[in-house]
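A short worksheet on the structure shown next.
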Amino acid sequence: MKNISIRLIGGALVILVFRLAYLSLLARKDNVFEDLVVIGCFLALILALLFYLYSLWIRKKARSLNFLFHLSLTALFVVFFLNETWTESGYIPLLEGESVSHYLDKNKIRHPLPFSMQCLDFKLETFPGTFRTKSFVSKLKIGLDNREQLKELRVNSPITIKNYKLFQSDHGLEINPNHWIKISVDFGNQKDTFYSKIGDTTRLRDGTLFSVLDFSPSLASKGEQIYTFDPDSLLNPACLIRLASNFSNSDQGWVMASQLDGKKVGHINIKIDDIWGLEYTVISVIRAPFNLVVIFLSLLTAGLGALILVRNKKCSHKN
């Protein structure tokens, strides 16, 4: 039984190494543990190690260093195999203001979460003086055990809730009917602030009709040509504003949120204070049966066992 176990371990390891090399380098597969050959090799390794442990047991060597080392190695393979095959993973696309209590897997099938999540706000951070994305931040409201808590999710700074690890992975832009644009207007002798939507027309205090004709998430200009350089990111948002006492006589112009003092269109200075409800965040979700602490302890135990076993064998050879 001992020889059969050793041959099975050797054969499974050779096949596993070549199969992993093929899947990673040639087939370019992201998840190699979806491959039946890889799963079969790992099961063969675990089975062979269990046979070997049994052979040591019946030879009354259950207290030997050899037995303890192979026991810890078996535990490491089992933990790693279960983590790779039973790990839950998916993603959550979440608009500003939207609430969810589920995630989607790669086939877009819904899976329930033991908590609810609402995106209160989403912000892109750019490098100073540029429109290059530096990072993005989601402000979340988590509903858990009849309580609510606020969390901030940043790139490369995951948070863990009920053993579910959440990562900020992507973002995008979508015209949400519930969006709003906060606008300040200055008539010279009085100021006013109101909320509007793309396509809305509002009558101001002096009777002027204020219309948001168009919107660009990333406005740029080249000569007299105005264009959007990134339709999926709110890097330089701007609104096309039209002012009119009647629609046959009007003034219009683009007003950018980056213009901190606003821009004068006709007789009114207009400032874009905030834009909300047009962006969405994509949050990756992972939940593994065993956390990193368990994996690290299994690896450490197997490594120490191997060192002690090698050292004892060297000492026995010297003697």
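The values are calculated or read from the model by the stated rules, or taken from the named source; none is laboratory data. None of these values were measured; they are calculated from a predicted model. Note that we place each Cβ from the backbone using ideal geometry, even for glycine, and neighbour counts take in every protein chain shown.
Are any of the residues in the range 49-64 within 30 Å of LYS162 (Cβ to Cβ) and outside any helix (DSSP H, G or I)? So that I can check it myself, show each step before the final result.
Residues of the range 49-64 within 30 Å of LYS162 (Cβ to Cβ): none.
The answer is no, given that none of the residues of the range 49-64 is within 30 Å of LYS162 (Cβ to Cβ) and outside any helix (DSSP H, G or I).
Which of the residues belonging to the range 124-144 are closer than 17 Å to VAL155 by Cα and either surrounded by 14 or more Cβ atoms within 10 Å (Cβ to Cβ) or acidic (Asp, Glu) (or both)? Explain how you work it out, then say what you get.
Pass one, the range 124-144, residues closer than 17 Å to VAL155 by Cα: 124-127, 132-140.
LEU124, GLU125, THR126, THR133, SER135, PHE136, VAL137, SER138, LYS139, LEU140 - these are the residues of the range 124-144 that are closer than 17 Å to VAL155 by Cα and either surrounded by 14 or more Cβ atoms within 10 Å (Cβ to Cβ) or acidic (Asp, Glu) (or both).
Answer yes or no as to whether PHE131 is assigned to a strand (DSSP E or B), of a type outside the set (A, V, I, L, M) and assigned by TED's automatic domain parsing to the domain that holds LEU243. Write out each step before concluding.
Numbers: assigned to a strand (DSSP E or B): no; of a type outside the set (A, V, I, L, M): yes; assigned by TED's automatic domain parsing to the domain that holds LEU243: yes.
The answer is no for PHE131.
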Select from the range 229-249 the residues that are buried (at least 16 other Cβ atoms within 10 Å of the Cβ) and among the polar types (S, T, N, Q) and write down the one among them that is nearest to PHE210 (Cα to Cα). ASN236
What single numbered condition from (1) assigned to a strand (DSSP E or B); (2) more than 21 Å from LEU278 (Cα to Cα); (3) basic (Lys, Arg) fails to hold for LYS123? (2)
Residues that are surrounded by 12 or more Cβ atoms within 10 Å (Cβ to Cβ), charged (D, E, K, R) and touching a Pro at 6+ places or on another chain (Cβ under 9 Å), drawn from the range 148-172: LYS165, ASP170
Checking the conditions here, which among LEU76, LEU45, LEU23 is in contact (Cβ under 8 Å) with a residue 12 or more places away in the chain and more than 29 Å from the chain's Cα centre (by Cα)? LEU45
Does the range 176-191 hold any residues that are under 33 Å from the mean Cα position of the chain (by Cα) and part of a loop (DSSP other than H, G, I, E, B), and which are they? ASN176, PRO177, ASN178, HIS179
Output the strands (runs of 3 or more DSSP E) that fall wholly within the range 192-263 and possess 1 or more residues being in the same structural domain as ILE275 (by TED's automatic domain parsing) and of a type in the set (A, V, I, L, M, F, W, C), or say none. 209-216, 219-222, 225-228, 238-246, 249-256
Looking at (1) farther than 22 Å from ALA288 by Cβ; (2) modelled with pLDDT of 75 or more; (3) in contact with a Ser or Thr (Cβ under 9 Å, 6 or more places away or on another chain), find the lone condition where MET1 falls short. (2)
Go through the range 14-35 residue by residue and tally those that are closer than 18 Å to PHE80 by Cα and either among the basic types (Lys, Arg) or not assigned by TED's automatic domain parsing to the domain that holds ASN83 (or both). 1
With LEU173, LEU219, LEU166 as the choices, which residue is farther than 30 Å from ILE142 by Cβ and under 34 Å from the mean Cα position of the chain (by Cα)? LEU219
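Taking LYS108, is it in contact with a Ser or Thr (Cβ under 7 Å, 6 or more places away or on another chain) and surrounded by fewer than 14 Cβ atoms within 10 Å (Cβ to Cβ)? Explain how you work it out, then say what you get.
Values: in contact with a Ser or Thr (Cβ under 7 Å, 6 or more places away or on another chain): no; surrounded by fewer than 14 Cβ atoms within 10 Å (Cβ to Cβ): yes.
Answer is no for this residue.
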Given the criteria surrounded by 12 or more Cβ atoms within 10 Å (Cβ to Cβ), touching a residue at least 24 places away in the same chain (Cβ under 8 Å) and under 19 Å from SER233 (Cβ atoms), does ILE181 qualify? yes
Given the condition within 30 Å of GLY199 (Cβ to Cβ) and of a type in the set (Gly, Ala, Ser), answer yes or no: does some residue in the range 118-138 qualify? yes
Just the residues that are surrounded by 17 or more Cβ atoms within 10 Å (Cβ to Cβ), without any contact (Cβ under 8 Å) to a residue 40 or more places away in the chain and of a type in the set (Gly, Ala, Ser), please, taken from the range 5-20. ALA12
Just give me the residues in the range 173-202 being on the phi > 0 side of the Ramachandran plot and at pLDDT 90 or above, in sequence order. GLY199
If you check PHE81, PHE69, which single one turns out to be under 33 Å from the mean Cα position of the chain (by Cα) and either of a type in the set (A, V, I, L, M, F, W, C) or within 30 Å of LEU120 (Cβ to Cβ) (or both)? PHE81
ILE175 meets each of (1) of a type in the set (A, V, I, L, M); (2) surrounded by fewer than 15 Cβ atoms within 10 Å (Cβ to Cβ); (3) free of Cβ contacts under 8 Å to residues at least 24 places away in the same chain with one exception, condition (3)
